[in-house]
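See structure below.
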Amino acid sequence: MMKKLFAIVFALVALSACKNMGQGMNGSWLDGDRSSTTGDQTNAVNVVFFAFDSSKIDAEAKAKLVKQVEMWNTSSNKPALLVEGHCDERGTVEYNLALGERRAYAAKKELIALGIPAEKIETISYGKERPAVMGNDEYSWALNRRAVTIAVKN
């Protein structure tokens, strides 16, 4: 009985570790099976963050976008990309939809400048409607101010 329990626990831990690997810097997002990320995605290569009320690409965001382009260039199927713009919970729905669009477009513009063809990239804004984390504190808001790049199956 104890061996069975150990085997089950080991299998669950191993599966959990495999699942979490796709959330780091290894690029599984290019497989096209990811949607808007949830939770703390600080290290996810397909998520860039923005300052409050800003759509400016900072140095950290640019480094992630460069990595996205490198990964796209080395992928065999060169998938189409969807860049989602997201905001924190503050502000009106209309304002946040517009800000989310500016964030998605800023990321798209940078991806194009780095070499991905414009026709391979679409944008969408979700405003504040799809938070990565729930909470009304600065930490939560910072994680929700983001652009998420998703590979779309060709």
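The values are calculated or read from the model by the stated rules, or taken from the named source; none is laboratory data. Keep in mind the model is a prediction, meaning the values are calculated, not measured. Cβ atoms come from the backbone with ideal geometry, glycine included; neighbour counts cover every protein chain shown. SASA here: full protein model, heavy atoms, side chains in, ligands and nucleic acids out. Shrake-Rupley method; radii C 1.70, N 1.55, O 1.52, S 1.80 Å.
What the table shows:
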{"item": "Single residue of the stretch 96-144 satisfying the filter (outside any helix (DSSP H, G or I) and among the aliphatic types (A, V, I, L, M)) that is most open to solvent (accessible area, probe 1.4 Å)", "result": "M134"}
{"item": "Filter result (more than 17 Å from the chain's Cα centre (by Cα), modelled with pLDDT under 95 and over 17 Å from D53 (Cβ atoms)) within the stretch 109-136", "result": "G135"}
{"item": "Failed criterion for G91 (all others in (1) surrounded by 15 or more Cβ atoms within 10 Å (Cβ to Cβ); (2) at negative phi hold)", "result": "(2)"}
{"item": "Residues of the stretch 145-154 classified as within 19 Å of A61 (Cβ to Cβ) and surrounded by fewer than 21 Cβ atoms within 10 Å (Cβ to Cβ), total", "result": "0"}
{"item": "Which listed residue, of A132, A151, A142, is within 19 Å of T42 (Cβ to Cβ) and touching a Gly at 6+ places or on another chain (Cβ under 8 Å)", "result": "A132"}
{"item": "Verdict on A61 being open to solvent by less than 30 Å² (accessible area, probe 1.4 Å), at pLDDT 95 or above, in contact with a Leu (Cβ under 7 Å, 6 or more places away or on another chain) and outside any loop (DSSP other than H, G, I, E, B)", "result": "no"}
{"item": "Members of the stretch 64-92 found to be in contact (Cβ under 8 Å) with a residue 24 or more places away in the chain and part of a helix (DSSP H, G or I), listed by number", "result": "L65, V66, K67, Q68, V69, M71, W72, N73"}
{"item": "Count of residues meeting criterion [basic (K, R) and within 21 Å of P131 (Cα to Cα)] in the stretch 59-81", "result": "1"}
{"item": "All positions within the stretch 46-58 that are assigned to a loop (DSSP other than H, G, I, E, B), over 17 Å from E129 (Cβ atoms) and open to solvent by less than 20 Å² (accessible area, probe 1.4 Å)", "result": "N46"}
{"item": "Selection count where residues are under 16 Å from V152 (Cβ atoms), more than 14 Å from the chain's Cα centre (by Cα) and among the aliphatic types (A, V, I, L, M), scope the stretch 72-108", "result": "1"}
